[in-house]
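Structure first, then comments.
No lab work stands behind these numbers, since they all come straight from the coordinates. Since this is a predicted model, take the numbers as computed values, not measurements. Glycine also receives a Cβ, built like all others from the backbone with ideal geometry; neighbour counts cover every protein chain displayed.
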Amino acid sequence: MTTIEDNLQAQRQRVALACQTAGRDVTAVTLLAVSKTFGADAVAEAVAVGQRAFGENYIQEGVDKILALRASHPGVALEWHCIGPIQSNKTRLVAEHFDWVQSVDRLKIAQRLNEQRPEGLPPLQVCLQVNVDGGSNKSGVTPAELPALAAAVAELPRLTLRGLMCIPEPEPGFEAQRALFMRCKAVFDDLQRQMGSGVDTLSMGMSDDLDAAVAAGATMVRVGRGVFGTRPPKG
């Protein structure tokens, strides 16, 4: 087996064990392979062993890989998630090429994505990024601002509001991590009560803390290093 194949198998087993430990169905959590800074060849290795959902932080790099994989794997349905910050001048690329965007925290960005989503494509699936711990250097809408943003996004016809994404500050130890993720889950539960059962996605947890995220109720974990290995330096 390749290293990526080994890593994917290990991460899938890790997610399954975390679900079992938390008393959750082992199919309740989606593994999103975060391929930023790795080339299309690495993504193709993951595709070859059954991975279908990929996350990209850098929009142009992601679009290049989307086009490359579309050409090299015709007929293979891949799901591409934009999980990085979105500037206004990049919304068209996201709207035209990605299937999901998890990092919406401003109505202006959502409106541009809606306007620029081609009519021939299904609606763009959207998670709102929420900042639950008040980190001043992070993106994300505050929990207090979330209901108004969610209601406005839900009215945009070319977008479908699916849930929340959060990146809390790193904490040492399972219990401290789980406590922070439980704050995200509480905000998610409030949003679900506000918007209904169509809000079904809580994206939280990465290579270092996905076990705690699953225990707190994550439905999607974003794993980069655990799948692809140490990231090459950006040059």
Taking amide H positions as placed in the peptide plane 1.01 Å from N, state which residues far from SER103 in sequence (5 or more) or on other chains have amide H under 5 Å from it.
CYS127
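Please rank THR201, THR160, THR91, THR21, fewest neighbouring Cβ atoms within 10 Å first, as an exposure proxy.
Working: THR201 20, THR160 16, THR91 23, THR21 11.
Starting with the residue having the fewest Cβ neighbours, the order is THR21, THR160, THR201, THR91.
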Excluding residues fewer than 8 places away in the same chain, name every one of the lysines whose C-alpha is closer than 18 Å to that of LYS90.
LYS36, LYS65, LYS108
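So, counting K/R as plus one and D/E as minus one, what does the shell of residues with Cβ under 15 Å around ILE83 add up to?
Details: positive: LYS36, LYS65, LYS90, LYS138, ARG162, ARG222, ARG225, ARG231; negative: GLU56, GLU61, GLU79, ASP99, ASP105.
Net local charge, ILE83 excluded: +3.
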State, in angstrom, two size descriptors of the range 3-228 derived from its alpha carbons: Rg to one decimal place and Dmax to the nearest whole number.
16.7, 46
Collect residues whose amide H, placed 1.01 Å from N in the peptide plane, falls under 5 Å from the amide H of GLY55; neighbours closer than 5 in sequence don't count.
ALA33, VAL34, SER35, HIS81
Counting only helical runs of four or more DSSP H residues, what would the 222 nm mean residue ellipticity of the chain come to if each run contributes -39,500 (n - 2.57) and the total is spread over all its residues?
-13000 deg cm²/dmol
Can you run phi through the Karplus equation (6.51, -1.76, 1.60; θ = phi - 60°) for the range 22-30 and list ³J(HN,Hα) in whole Hz, with x for Gly and Pro?
8, x, 10, 4, 5, 9, 6, 10, 8
Residue-ordered couplings for the range 83-89, obtained by feeding phi - 60° into the Karplus form 6.51 cos²θ - 1.76 cosθ + 1.60 and rounding to whole Hz (Gly and Pro as x), are 10, x, x, 10, 8, 4, 6
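Net charge around ALA71, counting only other residues with Cβ within less than 14 Å of its Cβ (Lys, Arg = +1; Asp, Glu = -1)? Don't jump to the answer; show the numbers that get you there.
Values: positive: LYS65, ARG70; negative: ASP41, ASP64.
Residues near ALA71 contribute 0 overall.
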If amide H atoms are built 1.01 Å from N in the plane of the peptide, which residues on other chains or at least 5 residues away come under 5 Å of the amide H of MET165?
LEU128, GLN129, VAL130, SER203
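Taking 8 Å as the Cα distance limit and 6 or more residues as the minimum spacing, I'd like the relative contact order of the chain as a percentage. Show your work: numbers first, answer last.
Numbers: 427 pairs, mean separation 49.1, N = 235.
With pairs under 8 Å counted, the relative contact order is 21 percent.
What length, rounded to one decimal in nm, is gained on full extension from SER197 through to ARG70, with 0.36 nm per residue of separation minus their alpha-carbon distance? Don't skip to the end; give the middle numbers.
Numbers: separation 127, 0.36 × 127 = 45.72 nm, distance 3.22 nm.
That pair, SER197 and ARG70, stretches by 42.5 nm at full extension.
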Considering only the other residues whose Cβ falls under 11 Å of the Cβ of MET182, what net charge follows from Lys and Arg at +1 and Asp and Glu at -1?
+1
Once phi is turned into θ = phi - 60°, what whole-Hz ³J(HN,Hα) does the Karplus curve with 6.51, -1.76 and 1.60 give for every residue of the range 193-210, x standing for Gly and Pro?
5, 6, 9, x, 6, x, 7, 10, 10, 10, 9, 7, x, 10, 3, 7, 9, 5
